[in-house]
Amino acid sequence: MISGIVNADFEAIISLSICDSEGKVYTQDTIVDTGFNGWLSLPPDLIDRLNLKWKRRGRAVLGDGSECIFNVYEAVVIWDGDYLTIPIDEADSEPLVGMSLMEGYQLTVQVFEEGSVEIRKVSAV
């Protein structure tokens, strides 16, 4: 299980372990974003610090209907105890965990300041 807390801005926050290009593990607070269907987004300065490998360009349609093009990198993250190689979308925002990373999990959020955030693997029936 992955756990976190709701902050004063009512954002669901979890800590995520991300490996740099040499395998050193860094811990980064991230916002759970159910409106983001990608895996993980990170700001350019953090991508540079981690020296992540560039993979390709990506394209997305934003909530306002506009289209944006962005760089996609690759990184290893530790998710629920497993090492996963995932795409990282570059975005000028706080780090965001998207729905693709949470696939197969149940998200539970107590929506009040200091409420709990729990992400649990769902057993196949």
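The values are calculated or read from the model by the stated rules, or taken from the named source; none is laboratory data. Given the structure is predicted, the values throughout are model-derived calculations rather than measurements. Every residue, glycine among them, receives a Cβ derived from its backbone with ideal geometry; neighbour counts consider all protein chains shown.
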Quick check, is Ile47 within 21 Å of Tyr105 (Cβ to Cβ), surrounded by 11 or more Cβ atoms within 10 Å (Cβ to Cβ) and aliphatic (A, V, I, L, M)? no
Being surrounded by fewer than 17 Cβ atoms within 10 Å (Cβ to Cβ) and without any contact (Cβ under 8 Å) to a residue 24 or more places away in the chain is the requirement here; does Val111 meet it? no
Could you please give the count of residues in segment 85-117 that are over 12 Å from Leu40 (Cα atoms) and of a type outside the set (Phe, Trp, Tyr)? 14
Only residues that are part of a loop (DSSP other than H, G, I, E, B), closer than 14 Å to Ile31 by Cα and hydrophobic (A, V, I, L, M, F, W, C): list them for segment 84-116, please. Ala91, Met99, Leu101, Met102, Val111
Among the residues of segment 82-125, count how many are among the acidic types (Asp, Glu) and more than 17 Å from Ile14 (Cβ to Cβ). 3
Filtering segment 62-82 for residues that are part of a strand (DSSP E or B) and either aliphatic (A, V, I, L, M) or without any contact (Cβ under 8 Å) to a residue 12 or more places away in the chain (or both) leaves a count of 9
Scanning segment 77-95 residue by residue, those under 13 Å from Ser17 (Cα atoms) and among the hydrophobic types (A, V, I, L, M, F, W, C) turn out to be Val77, Ile78, Trp79, Leu84, Ile86
Six or more apart or on different chains, Cβ under 7 Å: which pairs go from a residue in segment 8-27 that's farther than 30 Å from Glu113 by Cβ to one that's assigned to a strand (DSSP E or B)? Could you list them? Cys19/Val25; Cys19/Ala75; Cys19/Val76; Asp20/Tyr26; Ser21/Lys53
When only residues in segment 70-106 that are polar (S, T, N, Q) and within 12 Å of the chain's Cα centre (by Cα) count, which is modelled with the lowest pLDDT? Ser93
(1) within 22 Å of Glu114 (Cα to Cα); (2) in contact with a Ser or Thr (Cβ under 7 Å, 6 or more places away or on another chain); (3) in contact (Cβ under 8 Å) with a residue 24 or more places away in the chain all hold for Val32 apart from (2)
Kindly indicate which of Asp33, Asp29, Asp20 is surrounded by 11 or more Cβ atoms within 10 Å (Cβ to Cβ) and closer than 12 Å to Gly98 by Cβ. Asp33
